[in-house]
Amino acid sequence: MCLACGALSAEHRFPDDFIFGAATASYQIEGGWNADDKSENIWDHITHTKPHVIKDQSNGDIAADTYHNYKRDVEMIRELGLDAYRFSLSWSRILPDALSKRISIAGVSFYNNYIDEMIKYGITPMITLYHWDLPQKLQELGGFVNPLFPDWFENYARVVFEQFGDRVKHWITFNEPMQICYQGYDTTVKAPQLNATGVGAYLCAKNLVLAHAKAYHAYKNDFAPSQGGRCGITINVNWLSAVSDSEEDKFAAELYRQAEWGLYADPIFSKQGGFPKELSERVAQKSLEQGYPRSRMPEFTDEERAFVRGTADFFGVNHYTAQLVSATGGDFIVPSLSDDVGATISTPEDWPVAASSWLKQAPDSILNALTQLKERIRYYRAALESVLDALDAGVNLKGYMAWSLMDNFEWMQGYTERFGLYQVDFEDPARSRTPRKSAFVYKQIVKSRVIDHGYEPDSMTMAIDEGH
């Protein structure tokens, strides 16, 4: 079927119950970093104490100032005609002391107002409990590598379920565990820049999935019976394919998949539970060769395996691109997760590249991943076509959340990279938001439920569809 030739087949369309939405993260948009009684998180800390690690030495102190502009955010969702909005909560805004039961009245009020504004207009709120902004007080106690972390997270989750669960029915415990554990604990790519190579990612991974399971069981046992919601996790799954048909490259690709997302998905979704078998064996072997008394990767007890396995009502997938994996080794730090895998990745030069060097448009990458920006508009059309193909292939896919609703603080890249459907004027104290062409294209797809490559917006003025 050729969508590009303008044949808008009724069969190749998104189902009427397919959910379209957009997503954001608290630190990236909220601002109000020290408003009321909110305490410091790890991104507040790193941007204030080591501003040089951010590309433009900026921070999220104000960001898009959603703390004062939340009604405009909801208005933008209405303008796009979206069904749902996925956003995250700031742990340190809700529990300023992180560990105690003292709840911030101002913090809870902000999120109540945000949620109520969505409900008012028939927009489904989807909440992520944790999107990378750990309270700094907990980081100073070890953060994700402290064995008490699962208990800390369960306490926080219970507060959130109690406060917002009467209206929120879709819960995501963690967003992108690999970025939390590998980039934050094994390297210096993200806060807290622990750089505990070869150890940090594995300790973090185990505590993260145990924390997820504790929050899930708390919800299913004590809240879901009366609130009726669903709880899952969202994991970054890029398509990783062997660069050749050799058995070495195929095995390297499998190891890379296990290291990038299997560490977090297998304990929850696999039949056997625990960490992936091949990667576990590789780390154990390398650990002994390197003189360690035991594997650098912790094991799950039988009780822990059973406790974690099956703790998800859905599998949320964040997908960006694809990469080719080669068994040819690189120059890796020893020990490190990268050295444990011992593979290198590449992308073909003919794959279109976005403003971010890592973000390339790969053919059928969503379809492949699920079955195993001037260029922004093309990216959304191609991504959504791949979603349609996945639906045709029988994948039980329920919705698509575009990243991101608006320009924001893009972590280590600061404000040098913009992914928003809406452009934010960061020089304007009011942080005015203006729709990009991609917003109009996305709106047309949402409204028509088909992808028309010939569609060109006849007006750049976004109006609210009151019929939504």
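At a glance:
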item: Label point distance in nm, Glu140-Lys169, each placed 7 Å from Cα along Cα→Cβ; result: 4.2 nm
item: Set Lys190/Lys398; Lys169/Lys277; Lys169/Lys437; Lys120/Lys443 screened for pairs whose C-alpha atoms are more than 23 Å apart; result: Lys190/Lys398; Lys169/Lys277; Lys169/Lys437
item: Cα gyration tensor, the range 215-354 - rounded (a/c under 1.5), prolate or oblate; result: oblate
item: With all protein chains modelled, accessible area of Ser432 [1.4 Å, Å²]; result: 50 Å²
item: Rounded if a/c under 1.5, otherwise prolate or oblate - the range 379-468, Cα gyration tensor axes; result: oblate
item: Cα-based shape type of the range 241-321, given that a ≥ b ≥ c are square roots of the gyration tensor eigenvalues and the cut on a/c is 1.5; result: oblate
item: Charge context of Gly184, other residues only, Cβ under 12 angstrom, K/R +1, D/E -1; result: -2
item: Extension gain, His68 back to Ser109 (0.36 nm per residue minus Cα-Cα distance, nm); result: 13.5 nm
item: Total formal charge among the other residues, if their Cβ is under 10 angstrom from that of Gln272, Lys/Arg +1 and Asp/Glu -1; result: +3
item: Cα coordinate range in the chain, projected on the principal axes (Å, largest first); result: 66, 56, 48
item: For the chain, share of DSSP beta bridges that run antiparallel, in % to the nearest 5; result: 20 percent
item: Rounded accessible area of Phe332 (nearest 10 Å², 1.4 Å probe); result: 50 Å²
item: Spacing of the two label points (7 Å from each Cα toward its C-beta) at Ser346 and Val334, in nm; result: 2.4 nm
item: Rounded accessible area per residue of the range 1-124, 1.4 Å, Å²; result: 38 Å²
item: The chain - charge dipole about Cα centre, Lys and Arg +1 at Cβ, Asp and Glu -1, debye rounded to 20; result: 660 debye
item: Dimensionless Rg over Rh [the range 300-339; C-alpha; Kirkwood]; result: 1.16
item: In nm, spacing of pseudo-spin labels at Asp425 and Glu248 (7 Å Cα→C-beta vector); result: 5.8 nm
item: Kirkwood hydrodynamic radius of the range 17-122, from inverse mean 1/r over distinct Cα pairs, in Å; result: 14.9 Å
item: For the chain, calculated [θ]222 nm from helices alone, where every DSSP H run of n ≥ 4 adds -39500 (n - 2.57); result: -11000 deg cm²/dmol
item: Efficiency of FRET between Lys398 and Asp56 - r from beta-carbon atoms, R0 35 angstrom, step 0.05; result: 0.40
item: With every protein chain in place, the chain: carbon and sulfur % of accessible area (1.4 Å); result: 50 percent
item: Sequence-distant residues sharing a close amide H with Phe275 (under 5 Å, placed H); result: Phe300
item: Probe 1.4 Å - accessible area at Asp425, Å² to nearest ten; result: 70 Å²
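The values are calculated or read from the model by the stated rules, or taken from the named source; none is laboratory data. The shown structure was predicted, so the numbers you read here are calculated from the model rather than taken from an experiment. Backbone-built Cβ (ideal geometry, glycine too); neighbour counts: all protein chains shown. Side chains are part of the model used for accessible areas, which takes the heavy atoms of the whole protein and leaves out ligands, DNA and RNA. Shrake-Rupley method; radii C 1.70, N 1.55, O 1.52, S 1.80 Å.
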